[in-house]
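The values are calculated or read from the model by the stated rules, or taken from the named source; none is laboratory data. Values in this document were obtained by computation on a predicted structure and should not be read as measured data. Glycine gets a Cβ as well: all are built from the backbone with ideal geometry, and neighbour counts include every protein chain shown. Ligands, DNA and RNA are excluded from the accessible area calculation, which covers all protein heavy atoms including side chains. Shrake-Rupley method; radii C 1.70, N 1.55, O 1.52, S 1.80 Å.
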Amino acid sequence: MKSDKIVSSEQKNELIDLLRIRFEKNINRHKNLKWNDVLVKLEANPEKLWSLNEMEKTGGEPDVVGLDEKTGEYIFMDCSAESPKGRRSVCYDREGLDSRKEYKPENNAIDMATEMGIELLSEEQYRELQQLGKFDTKTSSWIKTPDEIRKLGGALFADFRYNQVFVYHNGAQSYYGVRGFRGILKV
């Protein structure tokens with residue numbers, strides 16, 4: 001059975017070239033890592049290339065931010081300056097979306113991430129990303145919400161203001177034009 005989550009040969013070449021250029025331009029995000037090692041992993045995982053392509057298409061500008069020492073996987077995160085444009089104006093999850101009576105957005109962060117083959121950043125991962133630059137200085141991003149909070153109807157989002165990471169709460173059904181989500185993918 002053929003998967004529809006494979007990039008074409010042309011898309012693959014364009015994406016790999018774009019990722020290489022971004023990798024070389026932002027060495028501070030992945031000191032001591034070598035592009036050729038990343039490339040080997042990318043070429044061995046075409047389904048992950050599809051996910052990275054989806055991250056790129058929605059404005060995430062994915063880049064390598066580390067290596068998982070336990071699994072040997074490279075960690076990619078959305079490194080766009082602001083929350084990815086193609087993933088904004090969404091509720092937190094399906095339950096939040098379904099609870100809206102009017103003015104429903106087109107989608108929600110959890111379903112979009114799942115479809116893309118990525119996960120939302122946790123609070124810890126979001127804070128780690130902020131050590132690599134200044135992200136979400138004008139926007140905000142939904143982050144993984146603990147079950148205890150979600151069961152009560154809430155969801156968490158974060159941003160960077162006044163040289164600080166702020167984590168806030170909102171109803172999971174809320175959405176704003178400047179709030180999207182950032183993803184993480186291990187390859």
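Tell me, which longest segment in the chain has none of the trypsin sites (Lys or Arg not before Pro) that fall in DSSP loops with at most 11 further Cβ atoms within 10 Å?
Details: sites that count: 2, 31, 34, 70, 101, 134, 138.
With trypsin sites (Lys or Arg not before Pro) excluded where exposed in loops, the chain gives 139-187 as its longest stretch.
Of 62, 52, 80, which is farthest towards the positive pole of the stretch 10-110's charge dipole, taken about the Cα centre with +1 and -1 on the beta-carbons of Lys, Arg and Asp, Glu respectively?
Among 62, 52, 80, the one farthest towards the positive end of the dipole of the stretch 10-110 is 80.
With a cut-off of 8 Å between alpha carbons and a minimum separation of six or more residues, what is the relative contact order of the stretch 8-134 in percent? Please report the intermediate quantities before stating the final value.
Numbers: 119 pairs, mean separation 23.3, N = 127.
Averaging sequence separation for qualifying contacts and normalising by length gives 18 percent for the stretch 8-134.
Would you check the accessible area of residue 54, probe 1.4 Å, heavy atoms only, in square angstrom rounded to 10?
30 Å²
In the structure shown, do any of 104/138; 48/101; 41/104 have a Cα-Cα gap over 31 Å, and if so which?
Details: 104/138 23 Å; 48/101 36 Å; 41/104 39 Å.
Pairs exceeding the cut-off: 48/101; 41/104.
Can you tell me which of 106, 61, 128 moves the most in a GNM of the chain? Springs connect C-alpha atoms under 10 Å apart.
106
Describe numerically, in nm with one decimal, the distance between label points set 7 Å from Cα along Cα→Cβ at residue 119 and at residue 147.
1.4 nm
Calculate, in nm to one decimal, what residue 81 and residue 98 gain on full extension: separation in residues at 0.36 nm each, minus their alpha carbon distance.
On the way: separation 17, 0.36 × 17 = 6.12 nm, distance 3.03 nm.
Difference between extended and current length: 3.1 nm.
If the reach is capped at under 16 angstrom between alpha carbons, list the aspartates and glutamates near residue 31, excluding any in the same chain fewer than eight residues apart.
Within reach: 63, 68, 69, 73, 128.
Test of understanding: extend the Cα→C-beta vector of residue 134 to 7 Å, then name every residue of the stretch 80-114 with backbone N under 16 Å from that spot.
From the stretch 80-114, the list is 80-83.
If you work out mean projected area of the Cα convex hull in nm² from the coordinates, which of (i) 10.3; (ii) 12.5; (iii) 11.7 do you get?
Only one listed value fits the structure, namely (iii).
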